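Everything below concerns the one structure shown next.
The values are calculated or read from the model by the stated rules, or taken from the named source; none is laboratory data. This one's a predicted model, so the numbers in the text were calculated from it and none came from an experiment. Using ideal geometry, Cβ is built from the backbone for each residue, glycine included, and neighbour counts are taken over all protein chains shown. Ligands, DNA and RNA are stripped out before the accessible areas are found, and what is left, the full protein with its side chains, is counted by its heavy atoms. Shrake-Rupley method; radii C 1.70, N 1.55, O 1.52, S 1.80 Å.
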Amino acid sequence: PVHVAANTAQAQAVHMPSLGLTAVHFWAAGTVAGITCDGPGTVLVRRQGGRISVAVADPGRTATTVTVTLPWPAHGVRGADDTVAVTTGRRPVLAVDVAGSHGHTHTAELY
């Protein structure tokens, strides 16, 4: 089943444990289910088989960079779009260049 992880003025989020999937739309900077975003943006995270897949978008088209911090350790990057800079470690950080992307999704896969 899917459960609501947040439904506030700051963020709306759902989590589906059976798929390792968490989806959050941040209306403002904040933290939901351990995922931190520095401002408005949409973040989709799937943890499965030692991999962490992340997709980030700025559907409001107002930001130039969206920074996301994850609560799970990552030791490396399996792949990432050119617009995504990843700092691995105990709490990996993704700095996503969303300027001019017109709300398109930017992805990275960590391990």
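Within 15 Å, Cβ to Cβ, of P40, how many net charges do the neighbouring residues add up to if Lys/Arg are +1 and Asp/Glu are -1? Walk me through the intermediate numbers first.
Numbers: positive: R61; negative: D38, D58.
Its environment carries a net charge of -1.
Considering only the other residues whose Cβ falls under 13 Å of the Cβ of T67, what net charge follows from Lys and Arg at +1 and Asp and Glu at -1?
Around T67, the charge tally is -2.
Leaving out ligands, DNA and RNA, what percent of the accessible area of segment 44-88 is carbon and sulfur, probe 1.4 Å?
On segment 44-88, the fraction of accessible area on carbon and sulfur atoms equals 45 percent.
Tell me, what ³J(HN,Hα) does each residue in segment 57-70 have, in order and in whole Hz, if you take phi through Karplus 6.51 cos²θ - 1.76 cosθ + 1.60 with θ = phi - 60° and put x for Gly and Pro?
3J(HN,Hα) across segment 57-70, in whole Hz: 9, 10, x, x, 6, 10, 9, 9, 9, 10, 10, 10, 10, 9.
Averaged per residue, what accessible surface does the chain expose to a 1.4 Å probe, in Å²?
On a per-residue basis, 52 Å².
Using modelled amide H (1.01 Å from N, peptide plane; none on Pro or chain starts), what sits under 5 Å from the amide H of T65, excluding residues fewer than 5 places away?
When sequence neighbours closer than 5 places are left aside, the close amide H contacts are V98.
Among (1) 1.26; (2) 1.10; (3) 0.94, only one was calculated for this model; which label is it, if the read-out is Rg/Rh (Cα atoms, Kirkwood Rh)?
The calculated read-out lines up with (3).
Apply the Karplus curve 6.51 cos²θ - 1.76 cosθ + 1.60, θ = phi - 60°, to the phi angles in segment 3-12 and return the couplings in whole Hz, x for Gly and Pro.
10, 7, 8, 7, 8, 10, 5, 7, 7, 10
Would you mind checking which residues have amide H under 5 Å from A5's amide H? H placed 1.01 Å from N; only 5 or more apart, or other chain.
When sequence neighbours closer than 5 places are left aside, the close amide H contacts are A13, V14, H15.
Under 5 Å between amide hydrogens, which residues at least 5 positions from W72 or on another chain qualify, with H placed 1.01 Å from N in the peptide plane?
The list, which skips near neighbours in sequence, is empty: none.
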